[in-house]
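K.L.:
Here you go, one structure.
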Amino acid sequence: MAKKLSLIFLALFFAGLLAYLWVRAPFKDTAGTRPPGRAILSYYLININTAGAEELDSLPNIGKKTAQNILAYRTGHGKFATIEELKKVKGVSEKTFLKLKERISAE
């Protein structure tokens with residue numbers, strides 16, 4: 001009987017340990033891999049100095065053409081010093097910028 005209780009206790013202990021380790025497992029960072037889906041991107045700031053066309057295209061009111069314009073501007077002028085500099089890109093109006101400013105960074 002004592003042996004059986006010891007085995008049950010040991011099994012419960014290991015089950016609890018596995019559950020703890022699973023809950024405490026680090027979140028897998030997607031940096032350097034393909035960007036997450038559009039629904040997930042809404043929770044992240046997108047760095048306009050490092051984002052690719054697909055990430056830029058996921059922003060509100062930014063389509064493929066404007067994303068390409070942002071990349072071309074960045075290639076020609078270097079990194080954006082501030083997010084406001086994005087308004088200099090063809091296709092990014094003041095109205096569009098106001099929709100973007102909470103979702104972007106220029107680090």
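K.L.:
Out of the residues in the range 37-75 that are closer than 16 Å to G91 by Cα and of a type in the set (G, A, S), state the one that is modelled with the lowest pLDDT.
P.N.:
S58
K.L.:
Mind listing just one residue for me: the one in the range 51-65 that is outside any loop (DSSP other than H, G, I, E, B) and within 20 Å of the chain's Cα centre (by Cα) and, of those, surrounded by the most Cβ atoms within 10 Å (Cβ to Cβ)?
P.N.:
Among those that are outside any loop (DSSP other than H, G, I, E, B) and within 20 Å of the chain's Cα centre (by Cα), it is L56.
K.L.:
Give me the residue from the range 1-36 that is more than 30 Å from A51 (Cβ to Cβ) and part of a loop (DSSP other than H, G, I, E, B) and, out of that set, modelled with the lowest pLDDT.
P.N.:
R24
K.L.:
Further question: Checking the structure you have, find out if any residue of the range 86-105 is assigned to a helix (DSSP H, G or I), among the small types (G, A, S) and over 13 Å from N47 (Cβ atoms).
P.N.:
Looking through the range 86-105, none of the residues is assigned to a helix (DSSP H, G or I), among the small types (G, A, S) and over 13 Å from N47 (Cβ atoms).
K.L.:
Can you list residue pairs whose Cβ atoms sit under 6 Å apart, with the first residue in the range 78-106 being free of Cβ contacts under 8 Å to residues at least 60 places away in the same chain and small (G, A, S) and the second being surrounded by 13 or more Cβ atoms within 10 Å (Cβ to Cβ) and outside any loop (DSSP other than H, G, I, E, B)? Count only pairs 6 or more apart in sequence or on different chains.
P.N.:
Matching pairs, first to second residue: G91/T66; G91/N69; A106/I83.
K.L.:
Here is a further query. Please determine, by comparing only the residues of the range 67-77 that are in contact (Cβ under 8 Å) with a residue 12 or more places away in the chain and of a type in the set (S, T, N, Q), which one is surrounded by the most Cβ atoms within 10 Å (Cβ to Cβ).
P.N.:
Per the stated criteria, the residue is N69.
The values are calculated or read from the model by the stated rules, or taken from the named source; none is laboratory data. Bear in mind the structure is a predicted one, so any value in this text is a computation, not a measurement. Quick reminder, even Gly has a Cβ in these numbers, built from the backbone with ideal geometry, and neighbours come from all protein chains shown.
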